[in-house]
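Notes follow once the structure below has been shown.
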């Protein structure tokens, strides 16, 4: 069994209070690895990333993360990622992380994702350049997730997880305003997840959404946005699927 | 309230922008709505602390005033209480 802690939407500011507080203290007693599902900072500044890095530097278990839309706001996402990488956080943007625990190997495929909508209410690449650019970014992010899973296919992982900021399903958006769904996630991410046969997909971004969902192909999806789980992290105790 | 020009409805758009762009907040998740019967603007959402709650209220008040709206404001935001991390075995 691997105990996976996951949380998103920490929104750490450069100063002042935040939701997390000392929430990662003692995490090693509950989990073997920590996944961060984006929106780690409030404005995506280096100062905010440094404040988070200080706290993560004392977390004694591996930390794997994707960035979110807030982390891109100041156009310094690379620097934010660099600050976090300097304290050992594996930042995934179309890559995979492989972690070995006792007798089990965990693979995490990560990408930020993007909006675009679900099922009958999706954005199409039609019309103005701006609309085409919007959905082109979604396709690009879904392809990044695929690429990450392709990397995992070359190593034998016992458990595989998809880590995104945006949601791959509408299930976990229930509670949000319907008008926002197209900006909260995309089914193109779920398609990439279902092609990969992974064990769990975790995401953040939808503060007003629901915790539990499932892709059309049956992969369990969990929205770990902090305002949804109302704790510093949720722990998923994962065992390999029966052969 | 007689709002035949949609002044309040249009002002709410700018309130949401102000919440997103305020340096202290970058707040995208707080909901702002208006009840025309009582002429009350209501703000709802989960926030990190009382300081953020005060900042949100101030931004909403300023943005409404800047757009000529004098409606009362009802603050229904809640400060999130962090609970112990839960464990889910083998999500399926």
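Quick note: the coordinates plus some simple rules give every number you see, no bench work behind them. These figures come from a predicted structure and were not determined experimentally. Here Cβ is always computed from backbone atoms with ideal geometry, including for glycine, and neighbour counts include all displayed protein chains.
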- Note on the structure: Given the conditions (1) more than 16 Å from residue B:85 (Cβ to Cβ); (2) in contact with a helix residue (DSSP H, G or I) (Cβ under 6 Å, 6 or more places away or on another chain); (3) buried (at least 22 other Cβ atoms within 10 Å of the Cβ), every one holds for residue A:217 apart from (3)
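Need a quick list: strands (runs of 3 or more DSSP E) entirely within chain B having at least 1 residues that are within 29 Å of residue A:222 (Cα to Cα), within 8 Å of chain A (Cβ to nearest Cβ) and in contact (Cβ under 8 Å) with a residue 24 or more places away in the chain.
Numbers: elements: B:31-35, B:40-47, B:72-79, B:87-89.
Per the criteria, B:40-47.
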- Hey, residue A:145 buried (at least 22 other Cβ atoms within 10 Å of the Cβ) and under 14 Å from the mean Cα position of the chain (by Cα) or not: yes
- Looking at the stretch A:4-23, which of its residues are more than 8 Å from chain B (Cβ to nearest Cβ), touching a residue at least 40 places away in the same chain (Cβ under 8 Å), in a loop (DSSP other than H, G, I, E, B) and in contact with a helix residue (DSSP H, G or I) (Cβ under 6 Å, 6 or more places away or on another chain)? A:9
- Query: Is at least one residue of the stretch A:94-101 in contact (Cβ under 8 Å) with a residue 40 or more places away in the chain, assigned to a helix (DSSP H, G or I) and either within 16 Å of the chain's Cα centre (by Cα) or within 17 Å of residue A:203 (Cβ to Cβ) (or both)?
  - Reply: no
- Query: For the stretch A:16-63, what are the residues that are closer than 16 Å to residue A:112 by Cβ and surrounded by 24 or more Cβ atoms within 10 Å (Cβ to Cβ)?
  - Reply: A:35, A:36, A:37, A:38, A:39, A:40, A:41, A:49
- Task: Name, by its number, the condition in (1) farther than 21 Å from residue A:195 by Cβ; (2) surrounded by fewer than 22 Cβ atoms within 10 Å (Cβ to Cβ) that does not hold for residue A:151.
- Result: (1)
- In the stretch B:32-48, which residues are surrounded by 15 or more Cβ atoms within 10 Å (Cβ to Cβ) and at negative phi? B:32, B:34, B:41, B:42, B:43, B:44, B:46, B:47, B:48
- Item | Enumeration of residues in the stretch A:24-40 that are more than 9 Å from chain B (Cβ to nearest Cβ) and under 23 Å from residue B:46 (Cβ atoms) | A:24, A:25, A:34, A:35, A:36, A:37, A:38, A:39, A:40
- Message: Of the conditions (1) in contact with a strand residue (DSSP E or B) (Cβ under 7 Å, 6 or more places away or on another chain); (2) crowded, with 23+ Cβ neighbours inside 10 Å, residue A:208 satisfies every one except a single condition; which number is it?
- Response: (2)
